[in-house]
Structures are given as structure tokens and as C-alpha cells.
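Just so you know, all these numbers are worked out from the coordinates, no wet-lab data involved. Source: prediction; values computed, not measured. Glycine also receives a Cβ, built like all others from the backbone with ideal geometry; neighbour counts cover every protein chain displayed.
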Amino acid sequence: MLDAKTTDAIKGLIKTYYQNVQNIAPPNIEKLEFGFGTFENKIAYRHYAFKNEAALRKYLVDNAPPFVSVSSSEYQKPDGRPMEAKGLIGSWLVFDLDADDLSSLKCKLEHGKSWVCQKCLDGIREETVHLIEDFLIPDFGFDEKDMQINFSGNRGYHVHVYDKRVYGLSGDARKQIGDYITGKGIELTTFFPTLGMRGKRLEGPKPTDYGWGGKLANGIIRALNDGVSSLMDMGIDKKSAELLVRKRAEVILGITTGNWDMINIPKKAEFWSNVLKGISIEQSESIDKNVTGDISKILRLPDSIHGDTGLIAKRIPSLKALKSYDPMTDAIAFKEGKLKVHIDKAPKFRMNGEDLGPFENADKELPTYAAVYLILKKRARLA
Ligand SMILES: [Zn+2]
């Protein structure tokens, strides 16, 4: 728990931030439920409502809350309680991607859950681009102009879809969207009708096929081009993988016409689960929680401060901007001045283009944003 002096200092910075931030009100603010948190509890209070931007800003400046969350649902009476009293009008779709859910990130074994490194941030950014470019746009037909992407403020990204076709979707329909992008319940035999049939040519999807079939064909072609180890990652044995790479041109030509006969799939279950892992969005837990059923969930308000980092849950102007987004530079809030801190222990990290640390039992004067980051990550305290 932060001491009173530290809490006051950081709340002072948050207050100044909210005095100066522009356009903090989300669309249709009067229909949204807000919640606020303390440094200890991300959502300590909820069921708040604001008529307009001025009212919201006054609350933010007066209270300097470390966390601000907002609903993706719109209500007739957003401050009504319990939930049923709010009068649900509709809900937008939100995808919450968190580096914590990326099991492919091996760096977590080194730095643990309480730290976020550049690899975590790069990995989750790529996964977010993958979600948008390979699922939301081609498979669901959402338009980039109807999407709002923002950094989560800590270790992930949020993609809000403001397409009016999603507004009235039932919980079950939302669950199906989640299942589709995480590859849940997709059967191999759907795409390989002759799999395991003796004397039958193995027929499979073509790269031009819509949806999962095309993704599967393109995934295999990509692995063929990447080489033996990529194929082995998919559960194909070394000898077969080497043969496939040698005959790559021929194999790829086959797949483009739906002829998969050259690819021998001995361990079907293993192969399939590996292929799925490579192609689906590896976020089943948080996507389940947020896209499906629970439309009463509230999520960080875009452009608000995140009380675990002091970074901004910043709106990102476009998909193109996302591709080169570096939150440790682009989402910095407290740019002014320096603070003296005692750092217990922190790995090397990079903020605002500057390498910092590693630190151990050190007294340092750091740029305010870096000092606050370490304090909120429980790695340092005010000196
Ligand atoms: Zn990491």
C-alpha cells in the first residue's frame, strides 16, 4: 500500500493531467456507467453517470482517481442500481487483449507477472494487429473507421467496435464471436472431409477460402516458407518437415488448388491444436470475459490514467499508428520534472527513448514518469 505522502504526490499529478486533457468524454457519455478505483482497488466505486464532459472533468479534477472505467453498454439510467434498474439500450463490442494471456511469451518466466517488458508489449501489440487485420476486418466486415483502439494503460490493448450491427447482439451471439476468433470448437474434419479415409486424396482448404479455411491454408504455406522448425512447431515430424520443405514449391501449388495430399498428418489432434494455436487469437480468457456474456463489465476510460503504471490508456489514432506504437514513449503522462526515489529492485527498462536501470537498492533522481512507474509497480518509493 502506498503511504500518504506518495498517494498525495501522485494524485496531484493525476489532477493536473485531468485539468489539461482534451476530449476526455466518450461518445454518448450521458448513457454510460462510470466506475472509479483507488491505488488498491481498480473498481472501488461504480454506477456513476455524467451528463456531459464538463461534469466528468470536474469529478476527475476534484477526485483525481487512480483508475477510471466506463461501460461499453449504453443505458437509459446509467446510475441506476442494481444493474437491472439501468435499462439496457445496447452494447458495443470490446476486445480486451492482455499480455498476461499470451502463453507464447517466454519472458514472463524471467520477470514474473508483476513486470512488463518490451517483448510483452510488442507481443500483445502484434496480437492486436492480428485480431484486427485477420479477423475483425476480413471475417466480420468491420470497418476501421468504426473501431477505436486504445492502449490499456498497463500491458495490453482494447479494441472497441462501434458498428451498429453489434449494438443489439445477445450474449450468446457475442460468445460465438469470441469462440470464432479464439478457434474454439473448430473441427479439423470440417476442412479435411477425406481425412483418414483410405485411398482418398486428402482434400483441404485453399488460401482463397473465406474464414478459417483460408487462414489454415495460409498458415501452412507460411510455415512451409519459414522452414523446418515452423512445421515441427505444428507437430509435423522432422523427416516429413524436411521433405515438405524440399518439395515446397510443389506442395504449395497443391494447397492452392485444395490438394493437400503431399502433407502427411500423422498425429491429427496434436497437429490441429498446434495449427490453431498459431492462427487463432490467443486471448481466450479475457476475450471470453469481455466479449461474451458480461456486458455489465466496465473497462478503462480511453485517455484516462492507469493507476498501476501512471501511463495513459491512450487512444491510438489508427491501425497504422498501432503498428509502430510504443506505449513506454507514446502513452507517457507525467512529462514534467524529476522525482527522487529509492529503488529496491527493477530490471532494465526503456521509457521516452531512454534506457533506465537495472537498479538494485539505489537512490536515484528519475524523470517523473519513470519514478511514478516504478513506485506504482511496487519497485520503488519516494525518497
Ligand atoms: Zn516480458
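So the values come out like this:
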item: Cα-centred dipole magnitude for the chain, charges only on beta-carbon of K, R (+1) and D, E (-1), debye, nearest 20; result: 300 debye
item: Rg(Cα) / (2.2 N^0.38 Å) computed for the stretch 334-383, rounded to two decimals; result: 0.97
item: Amide H within-cut-off set for L311, under 5 Å, with H built and near neighbours excluded; result: H306
item: Three-way shape label, the stretch 188-279, alpha-carbon gyration tensor, a/c 1.5; result: rounded
item: Unsatisfied cross-links (Cα-Cα over 24 Å) in the set K11/K31; K175/K297; K113/K338; K106/K314; K106/K338; result: K11/K31; K113/K338; K106/K314; K106/K338
item: From phi via Karplus (6.51, -1.76, 1.60), per-residue ³J(HN,Hα) for the stretch 68-77 in Hz, x at Gly/Pro; result: 10, 10, 9, 7, 9, 8, 10, 10, 5, 9
item: Computed log₁₀ I(q)/I(0) - Debye formula, equal Cα scatterers, no solvent, the chain, q 0.08, 0.13, 0.14 Å⁻¹; result: -0.50, -1.07, -1.18
item: Residues whose placed amide H lies under 5 Å from that of R350, excluding near-sequence neighbours; result: L356
item: Reachable lysines, given that their alpha-carbon falls under 21 Å from the alpha-carbon of K108 and they are not under 8 places away in the same chain; result: K119, K277, K345, K348, K377, K378
item: Global form of the stretch 1-66, assessed from the alpha-carbon gyration tensor, a/c cut-off 1.5; result: oblate
item: For the stretch 1-84, size of Cβ-based charge dipole, Lys and Arg +1, Asp and Glu -1, in debye; result: 120 debye
